[in-house]
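What follows is a set of notes on a single structure, which appears directly below.
The values are calculated or read from the model by the stated rules, or taken from the named source; none is laboratory data. Computed from a predicted model, the values in this text were never measured in an experiment. Cβ sites come from the backbone with ideal geometry, for glycine too, and all protein chains shown count toward neighbours. With ligands, DNA and RNA removed, areas are computed over all heavy atoms of the protein, side chains included. Shrake-Rupley method; radii C 1.70, N 1.55, O 1.52, S 1.80 Å.
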Amino acid sequence: MTTDLLDRPATGVRTDWTRAEIAALFDLPFTDLVFRAAEVHRAHHAAGEVQLCTLLSIKTGGCPEDCGYCSQSASADSGVKATRLMDVRAVLQAAAQAKDAGSQRFCMGAAWRNPKDRDMDAIVAMVEGVRGMGLETCMTLGMLEPHQARRLAVAGLDYYNHNIDTSPERYGEVITTRTFKDRLDTLATVREAGINVCCGGIVGMGETREDRVGFVHALATLPRHPESVPVNALVPVKGTVLGDMLADTPLAKIDDIEFVRTVAVARITMPLSMVRLSAGRESMGEATQALCFLAGANSIFTGDKLLTAGNCGDDADAALFAKLGVRPMAGEEPMRVAAE
């Protein structure tokens with residue numbers, strides 16, 4: 001990394017970041033890193049605005065994948081019971097409640113390896129119904145076939161979430177039922193269909209700093225950065241591989257400063273993306289969340305629950321926003337504006 005870049009990182013969009021450059025950002029003095037991330041953020045995003053999103057599990061549990069962090073895996077002994085796909089009307093009712101609570105985007109997740117074609121009619125009806133309310137739509141359904149992605153695009157799906165989870169090198173230690181390349185192939189399928197990408201991962205899974213560098217590098221060197229980058233802190237769930245492995249150990253929770261560093265580096269390397277504080281936020285103190293917002297996070301999930309994990313809740317978020325002088329985002333995301 002050049003001295004100039006260390007002194008003042010460029011605010012332009014790059015997809016040619018090297019691991020050495022990203023590692024150098026992680027190694028910066030903390031206050032310098034956060035300051036520079038804040039500069040990049042303010043160059044592209046409205047300061048003091050945070051996007052509100054709501055996440056609903058439309059099909060819970062029984063997933064054949066063996067993701068070591070997930071309570072919804074059929075191989076986990078987490079007590080999560082498998083359910084059928086929700087009724088379309090129930091999903092639309094939940095979306096209406098989310099809109100009334102101030103959400104801008106409604107995200108729907110199904111615990112599948114991949115959707116079956118027989119479920120696509122209901123999925124499409126959900127997308128069309130939620131969009132008809134004036135909400136942005138996001139789906140996470142696992143791996144997609146090209147014809148399924150095209151159907152979702154025609155229905156008007158705004159975003160498709162498909163996380164890479166961790167670095168390419170660490171991936172096989174977390175999941176064995178699919179490969180890192182499978183993830184990238186689905187992202188390419190989504191892009192080809194013309195749907196915006198939501199893609200991030202999880203930190204605090206016992207990974208190293210080098211893995212966090214690799215995780216950010218994999219996202220920041222995609223041909224087009226994800227429009228949304230969720231950064232999750234692992235919520236160790238008893239009965240999952242990682243939950244049992246990390247319980248009652250120093251690795252069970254990522255250091256708050258290291259988490260903020262990860263957010264800041266994501267902001268610098270992907271300046272136009274929405275960086276979302278996702279799972280694990282309920283265990284963060286107000287000061288940590290405030291530092292994340294300063295470092296460039298500008299999206300959160302609202303409500304009391306994220307799929308099967310707890311969340312802060314609307315009242316707690318409203319109180320924090322009032323304390324910080326933060327307001328809900330009302331305009332368009334920069335990457336979508338730039339694409340028009």
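Look at the range 141-157: where a residue is touching a residue at least 24 places away in the same chain (Cβ under 8 Å) and a partner is open to solvent by 60 Å² or more (accessible area, probe 1.4 Å) and part of a loop (DSSP other than H, G, I, E, B), sitting 6+ places away or on another chain with Cβ atoms under 9 Å, you get GLY142/ARG113; MET143/ARG113; ALA149/GLY194; ARG150/GLY194; ALA153/GLY194. Somewhere in the range 79-94, is a residue touching a Leu at 6+ places or on another chain (Cβ under 9 Å) and over 28 Å from VAL241 (Cα atoms)? Yes, that holds for at least one residue. Could you list, in sequence order, all residues of the range 61-90 that are crowded, with 19+ Cβ neighbours inside 10 Å and of a type in the set (Val, Ile, Thr)? The one that is crowded, with 19+ Cβ neighbours inside 10 Å and of a type in the set (Val, Ile, Thr): VAL80.
Is it the case that the range 82-89 has a residue that's without any contact (Cβ under 8 Å) to a residue 40 or more places away in the chain, in a helix (DSSP H, G or I) and of a type in the set (Gly, Ala, Ser)? So far as the range 82-89 goes, no, none of its residues is without any contact (Cβ under 8 Å) to a residue 40 or more places away in the chain, in a helix (DSSP H, G or I) and of a type in the set (Gly, Ala, Ser). The selection criterion, being closer than 21 Å to GLY280 by Cα, in a helix (DSSP H, G or I) and out of contact with any strand residue (DSSP E or B) (no Cβ under 6 Å at 6 or more places or on another chain), holds for VAL213. Summed over the range 200-229, the residues that are farther than 16 Å from VAL13 by Cβ and not acidic (Asp, Glu) give a count of 14.
Checking VAL127, VAL154 one by one, the residue that is more than 22 Å from the chain's Cα centre (by Cα) and of a type in the set (Val, Ile, Thr) is VAL154 and no other.
Looking across the range 35-57 at every residue that is among the hydrophobic types (A, V, I, L, M, F, W, C) and touching a Leu at 6+ places or on another chain (Cβ under 6 Å), the one that is least open to solvent (accessible area, probe 1.4 Å) is identified as ALA38. Taking the range 110-209 and the helices (runs of 4 or more DSSP H) fully enclosed by it, the elements with 1 or more residues that are under 20 Å from ALA95 (Cα atoms) are at 120-132, 146-155. Within the range 258-278, is there a residue that is over 16 Å from THR166 (Cβ atoms), in a helix (DSSP H, G or I) and among the hydroxyl-bearing types (Ser, Thr, Tyr)? Scanning the range 258-278 turns up at least one residue that is over 16 Å from THR166 (Cβ atoms), in a helix (DSSP H, G or I) and among the hydroxyl-bearing types (Ser, Thr, Tyr). The numbered conditions (1) in contact with an Asp or Glu (Cβ under 6 Å, 6 or more places away or on another chain); (2) more than 27 Å from GLY285 (Cα to Cα) are all true for GLY239 except (2). When ALA233, ALA193, ALA264 are checked against the criterion of being among the small types (Gly, Ala, Ser), buried (at least 20 other Cβ atoms within 10 Å of the Cβ) and at pLDDT 95 or above, ALA264 stands alone in meeting it. Restricting attention to the range 46-71, the residues that are at pLDDT 90 or above and under 30 Å from MET126 (Cα atoms) add up to 11. Of all the numbered requirements in (1) touching a helix residue (DSSP H, G or I) at 6+ places or on another chain (Cβ under 9 Å); (2) buried (at least 22 other Cβ atoms within 10 Å of the Cβ); (3) closer than 19 Å to ILE195 by Cβ, CYS107 misses one, and that requirement is (1).
Residue by residue through the range 193-250, note down the ones that are free of Cβ contacts under 8 Å to residues at least 12 places away in the same chain and of a type in the set (Gly, Ala, Ser). Within the range 193-250, ALA247 is the sole residue that qualifies.
Rundown of residues vs (1) within 24 Å of GLU49 (Cβ to Cβ); (2) modelled with pLDDT under 95; (3) surrounded by 20 or more Cβ atoms within 10 Å (Cβ to Cβ); (4) in contact with a strand residue (DSSP E or B) (Cβ under 9 Å, 6 or more places away or on another chain), yes/no style:
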| residue | (1), (2), (3), (4) |
| --- | --- |
| LEU92 | no, no, no, no |
| ALA98 | yes, yes, yes, yes |
| SER103 | yes, yes, yes, yes |
| ALA111 | no, yes, yes, yes |
| LEU144 | no, no, yes, yes |
| GLN148 | no, no, yes, no |
| TYR159 | yes, no, yes, yes |
| PHE180 | no, no, no, yes |
